[in-house]
Each structure stands twice: as structure tokens, then as C-alpha cells.
Amino acid sequence: MGKEKEESICFRNIRIKKGKYINSCLKEINDATPVDGWLESPDFLLRNDKSTYGIEHFVVDQVYLKDFKRSSGRIVDGQLWDTYSENHEDLISDRFDTDKAINSIQEVTQLALDITTKFDYGVYIQQLTRIFNKHVKKIPRYLERLEKYENVKLYFLIELNSLVIPQGQGTIKCFGQRKDGANVLIKGNRIILTNEMLDLFKEQIGVLEGIIIQQYSLLDMKRGMTDEVYIDLTSTEAMRRSLEKQRIDVYRNYCICAPKCKISLNLEDRE
């Protein structure tokens with residue numbers, strides 16, 4: 001889809017009304033005005049009469065494959081858009097083949113399912129840590145660029161890509177390990193947070209104003225956000241309170257259970 005397009009979608013979604021708590025936390029940003037002509041580092045800059053808000057956007061994939069130079073999410077995203085482009089071209093040239101289109105959709109869905117079976121929590125945390133710290137190292141550069149502005153507040157906007165969103169009652173299931181060691185079924189499309197993730201974020205308390213995490217499914221070409229959480233990093237107490245206000249459970253780790261099977265579409269029943 002392209003980096004700039006993805007950034008603009010995530011930035012736009014910050015301004016969509018959500019729950020009472022997130023709306024109150026992001027109200028200052030939503031009431032501020034983007035600075036004309038601002039390019040990046042951080043990616044977005046907004047101002048109002050009181051403060052300046054810098055927002056740095058980056059992407060983290062839920063599944064990472066060591067055998068590929070690109071992230072698994074980008075592999076699926078690339079094939080998904082290739083499938084769309086090829087079939088759209090057939091449609092406008094009056095060569096559209098329904099069976100061909102269904103088969104190509106089946107292939108990209110199977111690819112996503114196959115990749116999801118390779119989810120490894122340890123690898124995911126390694127990649128999140130690497131990408132997060134890569135941007136943390138850039139914070140001095142951001143602050144240097146913003147020296148002329150008053151009352152600067154920095155935020156990280158993390159775009160979390162999930163290939164197949166875990167559903168409690170569906171084929172793809174997700175299990176989280178609680179503090180007491182019990183494994184429990186996680187229902188719904190909530191962003192899953194673990195102790196290791198929060199320990200990583202805690203290191204930026206007092207440096208970042210907060211972290212906005214938005215979750216997307218790469219199988220959704222409309223790029224609709226499935227969930228969003230806000231982590232307040234103004235203090236340790238504020239961070240704890242932000243999790244409580246959003247009723248977020250924190251796990252030791254989690255696993256995604258997806259069957260290794262072939263998807264079968266019954267074409268005979270199609271009219």
C-alpha cells in the first residue's frame with residue numbers, strides 16, 4: 001500500500017472517536033492543528049496555543065519469518081494487492097474470470113493462514129524490541145528538531161499488523177498465560193499486552209507522553225482498525241491507571257493456534 005498511505009490512515013484514525021478514556025487522552029492532539037510543510041522526524045507535528053505534539057509512526061508485525069528479508073505482513077500485503085490489481089485489470093478489460101478470482105483469493109488466504117501457524121512469541125518480542133529501540137534512539141534527533149517549539153510532547157504511534165485476528169470461537173484461537181500460570185482463551189479482537197512489552201515501554205516513562213497502539217488485519221484491504229489502546233507514560237502511576245481504565249489484561253506470553261490445513265471453497269454451490 002505504501003508507507004505514506006499507511007501513516008496517513010493511522011494518523012487519521014487517532015481522530016476517530018473511541019471510548020471515553022482514549023478520547024480524553026487524545027483530546028489535546030485532536031484539537032491541535034497540523035504544522036504546514038512538516039515532513040518527518042517525527043512523522044507528524046501538531047500545535048495549539050499550549051503545546052506542540054510530535055508523533056512518530058512505525059510498524060510492528062505480529063508474525064515475523066526469519067527466512068524472508070521482508071516481514072510476513074508485507075509478504076501477505078504484497079500478494080493481496082497483486083491479486084486485487086490483476087483481477088481489477090481483468091474486470092475493466094472485460095476479461096474477468098470468477099473462478100480465477102476466487103482461486104487467487106483462496107491462495108492469499110491460505111498464505112496468511114500458513115504464516116499464522118508460524119507465530120513465535122519470543123521472535124515477536126525480539127522484533128518489537130528491536131524496532132521500538134531503533135526509534136527510541138532517534139528521540140534526541142526529534143527533540144533537536146523541535147527546539148524552537150514550546151512544551152513539546154512526544155508520542156509513538158505503533159501500527160500492529162495481525163495476519164489473522166484471533167477469534168475466541170473461530171478456527172484461529174489465541175491463548176494467553178496469566179500471572180498465576182494458567183492458560184486462558186483470549187476472546188475478541190483486543191490488542192494483547194504482555195509483561196515484557198510493558199517493561200519495554202516503561203523505560204520511556206517521562207520521555208514519551210504516551211504510546212498509541214492500533215491493530216490492523218492485513219487481510220482487510222480497507223485497512224479498518226480492529227482495536228486501539230493508549231498507554232500513558234507521564235508516570236508509573238499514570239501507566240498503571242491507563243491499563244485499568246481500558247480494562248486491559250496483561251499476560252506473561254501468548255500463543256496463536258491455527259490448524260495446518262488447506263482451505264476449501266465449495267465452488268459447486270456458487271450460483
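Just so you know, all these numbers are worked out from the coordinates, no wet-lab data involved. No experiment lies behind these values; they were computed from the predicted model shown. Because the Cβ atoms are built from the backbone with ideal geometry, glycine has one as well, and the counts that use them run over all protein chains shown.
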Taking amide H positions as placed in the peptide plane 1.01 Å from N, state which residues far from residue 59 in sequence (5 or more) or on other chains have amide H under 5 Å from it. 159
Residue 82 and residue 141 label points (each 7 Å along its Cα→Cβ direction) are spaced in nm at 3.2
Checked segment 80-143 with the C-alpha gyration tensor, a ≥ b ≥ c its square-rooted eigenvalues, rounded below a/c of 1.5, otherwise prolate if a/b is larger than b/c and oblate if not; verdict oblate
Ranked highest first by the average count of other Cβ atoms within 10 Å around their residues, in what order do 129-137, 205-213 fall? 205-213, 129-137
Which shape class applies to segment 176-235: rounded if a/c is under 1.5, otherwise prolate when a/b exceeds b/c and oblate if not, where a ≥ b ≥ c are the square roots of the Cα gyration tensor eigenvalues? oblate
